[in-house]
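Below is one structure, written out as structure tokens; the observations come after it.
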Amino acid sequence: MDASIQITLPPVSSLSSSTLSFLNSEQDLSRARSYIDELQSQCFDLDRTLIDLNSRLHSTLLSYASFSDGIHLLFDDATSKLTDLLSFTCPPPLSSSLSPSDGQGRKEEILGEELPALAKEVARVETVRVYAETALKLDTLVGDIEDVVSSTMNRKLRKHSSTQSVEEMRLLAIERLGHSEDVLISVTETHPQWTSLVSAVDHRIDRALATLRPQAIADHRSLLGSLGWPPPLSTLTSSNLDAGKSAEVSNPLFTMQGLLKQQYCENFLALCHLQELQWRRKSRQLEGHNRKVALQQPLWAIEELVNPISIACQRHFSKWIDKPEFVFALVYKITRDYVDTMDELLQPLVDEARLVGYSCREEWISAMVTSLIAYLAKEIFPKYVAELVGESVSGVQSKARFSWLHLVDLMIAFDKQIQSLVTHSGISLSLQDDGNLQKISSLSVFCDRPDWLDIWAEIELNDTLEKLKPEVDDERNWTAKIEGALLSGFESYKSPAVSSAFVRRLLVVVDRCRSLPNTFLRSRFLKMAGGSITQRYLDCLLLRCQEAEGLTALTDDNGLIKVANSVNAAHYFESVLKEWCEDTFFLELGFDHSEQLGIGINDNSGLEGRIDGPVGCVFDEEIKKLENFRKEWVERISVAVLRGFDARCREYMKNRRQWQEKGEESWTISKNLVGALDYLQGKMAVAEENLNRIDFVGAWRSLAAGVDHLLFNGLLMSMVKFHDDGVERFNGDMEILFGVFRAWCLRPEAFFPKTSDGLKLLTMSEEQLRDTISGGGKRMKEKGIIHLNVAEAEKIQKKRVFMS
């Protein structure tokens with residue numbers, strides 16, 4: 001070394017203690033060479049980065065200068081035109097050779113053509129200026145983002161780089177991304193025609209995000225591994241899960257401290273900020289479309305907590321393939337043990353990131369349930385379906401159906417436990433909303449596999465029918481009446497006990513249906529299982545009625561009672577379904593079912609033929625079938641009684657001479673009619689005792705209409721002559737007939753309209769009858785003859801013989 005070069009060292013007192021310690025350490029001095037190499041490497045990297053930045057700055061300045069020159073040219077052109085305009089609009093000098101008319105014409109030309117064109121050009125220049133400034137601003141922001149992302153990648157590749165600096169750079173990139181998104185939102189709102197600019201910026205940002213998000217997730221996973229996440233599951237065994245307890249496991253999220261906790265929180269925040277930014281970008285890009293579905297994404301940071309736990313659980317699940325209750329117990333225990341951590345530690349971070357509408361508790365529960373659903377869909381259900389297929393092929397009964405029902409029971413119980421975790425959190429969540437319920441329900445496995453739902457409905461139906469078979473076969477259940485009513489507001493329908501059994505079983509199916517997470521699944525399941533149970537019930541009623549009719553044609557009391565019991569059972573079941581359909585739950589299912597059939601709620605044409613009551617009930621079809629069944633068999637009861645009445649009064653109808661003779665003084669009724677009325681009264685007494693009140697009213701009214709038609713056509717329209725004594729006899733017979741029906745109404749003659757009107761005509765005097773008939777329909781109505789036409793009245797007039 002040249003002696004002329006003097007090296008001046010700093011005084012010892014100015015050196016820090018750490019520097020003195022370094023200089024005094026022989027070991028550190030021996031490593032000085034490696035430190036120098038490392039510093040030189042860093043300096044080289046920094047120099048290269050500085051060169052790149054200078055190059056980018058140079059190109060940016062050139063671009064800006066080009067834009068600036070173009071804008072200056074535009075402004076110069078505008079200034080020149082404004083100067084010309086000023087010279088044209090100013091008053092001309094006295095020495096001007098222009099005439100006044102020429103000056104006025106030029107002014108009008110300027111104001112009418114050149115001025116609007118100039119204003120348009122100025123606006124265009126202003127738009128170009130704003131576009132240039134916006135493009136330059138976005139280019140600068142995106143360039144910063146790309147630089148930060150590139151620098152972050154370079155630092156990640158170097159082992160010695162500090163994690164803290166990487167986090168700071170990532171947060172800086174996210175901040176720049178937020179600023180660029182603000183600009184893009186403003187451009188979209190104020191200049192929607194600049195689609196090319198927005199598209200170009202989005203493309204560059206997408207490339208940056210494609211690097212930034214995987215980096216953040218990788219760092220998050222690394223930090224979770226450093227924390228000891230997932231916690232060990234080795235203490236959870238089938239024995240202690242079955243007992244409902246397990247050893248306490250420490251929570252790594254609660255036990256982390258110091259720098260590690262700070263790093264985790266910063267990385268968690270970075271992921272949340274990235275997701276919030278992604279939400280804003282999607283919201284802008286999907287403006288005018290159905291954004292609700294596309295924007296509903298799980299919380300990324302919570303997913304990263306659940307994924308390693310899910311993988312760790314798979315080892316336990318594989319041992320419990322035939323013991324699914326242990327699978328549900330393990331998932332529930334993990335969910336419950338760590339759910340409070342989400343509220344206390346992570347929710348404040350989510351709120352700080354301004355992720356609106358996210359609850360860490362709900363996201364944690366949803367992610368755990370989703371992992372369970374994935375396992376069920378991949379391992380459990382395919383196994384059970386294969387067993388069912390094998391059973392159907394071989395014809396050998398196996399435990400597959402029982403296993404399926406047991407699995408569904410476990411899923412329903414698990415969902416209730418999960419819902420309690422959500423509702424007891426103090427967070428107001430609408431579990432009635434299908435979207436929320438679907439995220440925390442294991443039964444959501446059927447959303448993607450409706451064919452599995454159909455299998456469940458079929459198994460549920462067969463199981464229900466098997467349980468009902470002993471009760472259906474027990475004849476005592478068809479004769480014993482229901483004591484009281486299952487639901488409030490029901491009058492006595494005299495229904496047999498078997499109908500109560502069907503209602504109870506259908507209620508079980510409805511309760512299981514309520515556990516499904518959306519109305520489409522509920523409606524589909526209830527139509528397949530519940531609708532089939534109702535159809536089976538109706539088939540049983542129809543079979544019993546047909547047996548009774550086939551044996552005796554309902555001529556004996558036992559057959560009549562058997563049909564009456566079936567009618568009562570149908571009416572009771574129909575009333576139960578109608579009351580259920582007034583509930584909101586069934587109305588929602590009905591609306592969903594109507595949409596599936598393509599029937600709009602406001603479509604009047606689609607509602608034609610529907611039953612009276614709530615529109616769109618899911619049981620509309622079943623209610624209509626039950627209503628038609630009981631009306632048909634009530635009518636058959638009436639027809640059977642009428643047929644017997646007709647057979648017993650044939651002599652009465654054929655005896656034409658009786659209407660020309662005076663009756664016996666000791667008889668107030670024709671002898672030939674006594675037996676028929678006695679039969680009618682006896683059969684209706686049996687019907688009244690066994691039929692419910694509503695259907696009995698329909699029965700006797702139908703019978704009255706039939707008797708009215710029989711008497712009117714068989715007597716009043718037949719070849720018979722009524723003398724005065726005959727009219728008196730017929731009037732007395734009708735009074736006795738009306739008296740039979742007076743037990744059920746106050747004015748029975750109103751239910752025999754034609755016979756009553758015919759009797760009114762017969763009892764008129766000759767002059768009144770002639771005047772009434774000659775007056776036509778108007779005169780007849782004045783006399784109270786409203787159910788006969790003029791032709792029928794004239795026929796009755798011809799049958800009346802007056803003895804002068």
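The values are calculated or read from the model by the stated rules, or taken from the named source; none is laboratory data. None of these values were measured; they are calculated from a predicted model. Every residue, glycine as well, gets a Cβ built from its backbone with ideal geometry; the counts of neighbours run over all protein chains shown. Just so you know, the surface numbers come from the protein's heavy atoms only, side chains and all, with ligands and any DNA or RNA stripped out. Shrake-Rupley method; radii C 1.70, N 1.55, O 1.52, S 1.80 Å.
A compact table of results
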quantity	calculated
Failed condition for ASN558, given (1) out of contact with any strand residue (DSSP E or B) (no Cβ under 6 Å at 6 or more places or on another chain); (2) modelled with pLDDT under 95; (3) on the phi < 0 side of the Ramachandran plot; (4) open to solvent by less than 50 Å² (accessible area, probe 1.4 Å)	(4)
So LEU715, is it within 30 Å of SER499 (Cβ to Cβ), assigned to a helix (DSSP H, G or I) and open to solvent by less than 10 Å² (accessible area, probe 1.4 Å)	no
SER444, sole failed condition from (1) open to solvent by 60 Å² or more (accessible area, probe 1.4 Å); (2) more than 27 Å from ASP620 (Cβ to Cβ); (3) modelled with pLDDT of 90 or more	(1)
Matching residues, the range 337-357, being at negative phi, open to solvent by 70 Å² or more (accessible area, probe 1.4 Å) and touching a residue at least 12 places away in the same chain (Cβ under 8 Å)	GLU352
Residue within the range 358-375 that is aromatic (Phe, Trp, Tyr), more than 23 Å from ALA216 (Cβ to Cβ) and in a helix (DSSP H, G or I) present	yes
Test: residue in the range 511-529 that is out of contact with any Leu (no Cβ under 7 Å at 6 or more places or on another chain), part of a helix (DSSP H, G or I), closer than 30 Å to LEU421 by Cα and free of Cβ contacts under 8 Å to residues at least 24 places away in the same chain	yes
Every residue from the range 475-485 that is in a loop (DSSP other than H, G, I, E, B) and either loosely packed, with under 15 Cβ neighbours inside 10 Å or modelled with pLDDT of 85 or more (or both)	GLU475, ALA480, GLU483, GLY484
Odd one out for PHE730, checked against (1) under 60 Å from the mean Cα position of the chain (by Cα); (2) assigned to a helix (DSSP H, G or I)	(1)
Options THR755, THR772: the member that is within 19 Å of LEU680 (Cα to Cα), touching a residue at least 12 places away in the same chain (Cβ under 8 Å) and either of a type outside the set (A, V, I, L, M) or in a loop (DSSP other than H, G, I, E, B) (or both)	THR755
Of residues in the range 739-787 being out of contact with any helix residue (DSSP H, G or I) (no Cβ under 8 Å at 6 or more places or on another chain) and hydroxyl-bearing (Ser, Thr, Tyr), the one nearest to ILE669 (Cα to Cα)	SER765
VAL567 being more than 30 Å from PHE645 (Cα to Cα), out of contact with any strand residue (DSSP E or B) (no Cβ under 8 Å at 6 or more places or on another chain) and either β-branched (Val, Ile, Thr) or assigned to a helix (DSSP H, G or I) (or both)	no
Some residue of the range 718-728 being out of contact with any Ser or Thr (no Cβ under 8 Å at 6 or more places or on another chain) and either within 20 Å of LEU642 (Cβ to Cβ) or among the hydroxyl-bearing types (Ser, Thr, Tyr) (or both)	yes
Residue in the range 359-370 that is at negative phi, free of Cβ contacts under 8 Å to residues at least 12 places away in the same chain and either open to solvent by less than 20 Å² (accessible area, probe 1.4 Å) or of a type outside the set (S, T, N, Q) (or both) present	no
Search result, residues across the range 775-787 that are part of a helix (DSSP H, G or I) and either in contact with a Ser or Thr (Cβ under 9 Å, 6 or more places away or on another chain) or among the hydroxyl-bearing types (Ser, Thr, Tyr) (or both)	ARG779, MET780, GLU782
Pick from the range 635-678, criterion assigned to a loop (DSSP other than H, G, I, E, B), surrounded by fewer than 20 Cβ atoms within 10 Å (Cβ to Cβ) and among the hydrophobic types (A, V, I, L, M, F, W, C), ranking: modelled with the highest pLDDT	ILE669
Residue under evaluation GLY775, criteria (1) over 60 Å from the mean Cα position of the chain (by Cα); (2) surrounded by fewer than 13 Cβ atoms within 10 Å (Cβ to Cβ); (3) over 21 Å from ASP725 (Cα atoms); (4) not basic (Lys, Arg), criterion not met	(2)
Failed criterion for ALA705 (all others in (1) closer than 30 Å to ILE561 by Cα; (2) open to solvent by 50 Å² or more (accessible area, probe 1.4 Å); (3) assigned to a loop (DSSP other than H, G, I, E, B) hold)	(3)
Flag for LEU253 being more than 28 Å from PHE381 (Cα to Cα), at pLDDT below 90 and loosely packed, with under 15 Cβ neighbours inside 10 Å	no
Any chance GLN262 is modelled with pLDDT of 85 or more, over 25 Å from LYS333 (Cβ atoms), open to solvent by 30 Å² or more (accessible area, probe 1.4 Å) and in contact with a helix residue (DSSP H, G or I) (Cβ under 8 Å, 6 or more places away or on another chain)	no
Among (1) crowded, with 18+ Cβ neighbours inside 10 Å; (2) modelled with pLDDT of 90 or more - the single one LYS799 does not satisfy	(2)
Members of the range 561-589 that are open to solvent by 40 Å² or more (accessible area, probe 1.4 Å) and of a type in the set (Ser, Thr, Tyr)	THR584
Unique residue being of a type outside the set (D, E, K, R) and open to solvent by 60 Å² or more (accessible area, probe 1.4 Å) when the list is ALA687, ALA750, ALA743, ALA699	ALA743
Odd one out for GLU735, checked against (1) closer than 20 Å to ASN558 by Cβ; (2) of a type outside the set (Ser, Thr, Tyr); (3) open to solvent by 10 Å² or more (accessible area, probe 1.4 Å)	(1)
Considering residues of the range 530-555 that are in a helix (DSSP H, G or I), aliphatic (A, V, I, L, M) and under 30 Å from ALA676 (Cβ atoms) only, the residue most open to solvent (accessible area, probe 1.4 Å)	LEU551
Options GLU595, GLU621; residue that is part of a helix (DSSP H, G or I) and at pLDDT 60 or above	GLU621
Count of the range 788-804 residues which are in a helix (DSSP H, G or I) and touching a residue at least 40 places away in the same chain (Cβ under 8 Å)	4
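Conditions (1) outside any helix (DSSP H, G or I); (2) modelled with pLDDT of 95 or more; (3) over 23 Å from GLU460 (Cβ atoms); (4) of a type in the set (D, E, K, R), marked per residue:
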| site | (1), (2), (3), (4) |
| --- | --- |
| SER392 | no, no, no, no |
| TRP404 | no, no, no, no |
| LEU410 | no, yes, no, no |
| GLY426 | yes, no, yes, no |
| GLN432 | yes, no, yes, no |
| GLN438 | no, no, no, no |
